[in-house]
Amino acid sequence: MSGKRHKKGLWLDPRAKLFLILMCVLSSMFAPSLAYQFVLVMLIAVLGAFFGKWKYVIKAVCFYAVICALTVWIMAEMTGTLRTMFIAFLGLFHKVYACGTLAGIVLTTTKVNEFLSAMNRVHAPKKLVIPMAVMLRYIPTIQEDWRYIKDAMRMRDVSPSLASFLAHPGMTVECIYVPLLMAASKAADDLSVASVTRGIENPNPRTCLVQIKCGAADWGVMTVAVAYLIFELCVRGGVIG
């Protein structure tokens, strides 16, 4: 076993990914305007493209572009209480969208063993590491169950769409959301048992076949993230522009 990474696309250290999420939160918080939020989403899309998540980032950027256009139209055309209500909701949406998009990329590109080994390197407390490690497996499991439930219910002409819910709310809840909640509860129990069985609580140092260390790619993306945050702070403070 050489311990080398045999992966398609970009590979980043889990510690670098956590740092990127932190920088994304700060950049979204201090973004001077909507244009800077959009640039942040585009940078995340470029990162996702390097990971090979083309479909995911294309959908994310297109959806966010529609929301940005809707925001501009609301600010220009609406007045009164309705405008205030929409602006408050969209303001919160813009702050969390970039972070959610990046979190989705991190969740789908980080393996549990790599994450645990990286957290062991920084001596992170078990009370923090274990819930996050379970979450890395929990969300993809729920997404898989959701796809299976939708495929099964389509055979009975039941759709999780809003139109179907308004037309037949009782059937939609009974056939889709109740099975999803039961699957989510069962998945949580199964993952907890599997984690304990595989020694997640073992106090000894963990080993990993993948070499966990920050390379040139890690330092490069972290530098870009810090540079963009500094640029936003300079614009916000009037140093630039």
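The values are calculated or read from the model by the stated rules, or taken from the named source; none is laboratory data. As the structure is a prediction and not an experimental result, all values here were calculated from the model. Here the Cβ is made from the backbone with ideal geometry for all residues, glycine too, and neighbour counts use every protein chain on show. Surface areas here come from the heavy atoms of the whole protein model, side chains and all, with no ligands, DNA or RNA. Shrake-Rupley method; radii C 1.70, N 1.55, O 1.52, S 1.80 Å.
Condition check ((1) hydroxyl-bearing (Ser, Thr, Tyr); (2) at pLDDT 75 or above) across all residues:
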residue: 113; (1), (2): no, yes
residue: 157; (1), (2): no, no
residue: 164; (1), (2): yes, no
residue: 171; (1), (2): no, no
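Cβ-Cβ distances below 6 Å connect the following pairs, each with a first residue in the range 11-36 that is closer than 13 Å to residue 217 by Cα, a second residue that is assigned to a loop (DSSP other than H, G, I, E, B) and of a type in the set (Ser, Thr, Tyr), and a separation of six or more residues or different chains: 14/110. Scanning the range 115-124 for residues that are open to solvent by 40 Å² or more (accessible area, probe 1.4 Å) and modelled with pLDDT of 75 or more yields 120, 121, 123. Number of residues in the range 135-159 that are surrounded by 14 or more Cβ atoms within 10 Å (Cβ to Cβ) and either outside any helix (DSSP H, G or I) or of a type in the set (S, T, N, Q) (or both): the value is 3.
The rows are residues; the columns are (1) at pLDDT below 90; (2) buried (at least 17 other Cβ atoms within 10 Å of the Cβ).
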| residue | (1), (2) |
| --- | --- |
| 3 | yes, no |
| 6 | yes, no |
| 24 | no, yes |
| 66 | no, no |
| 69 | no, no |
| 93 | no, no |
| 97 | no, yes |
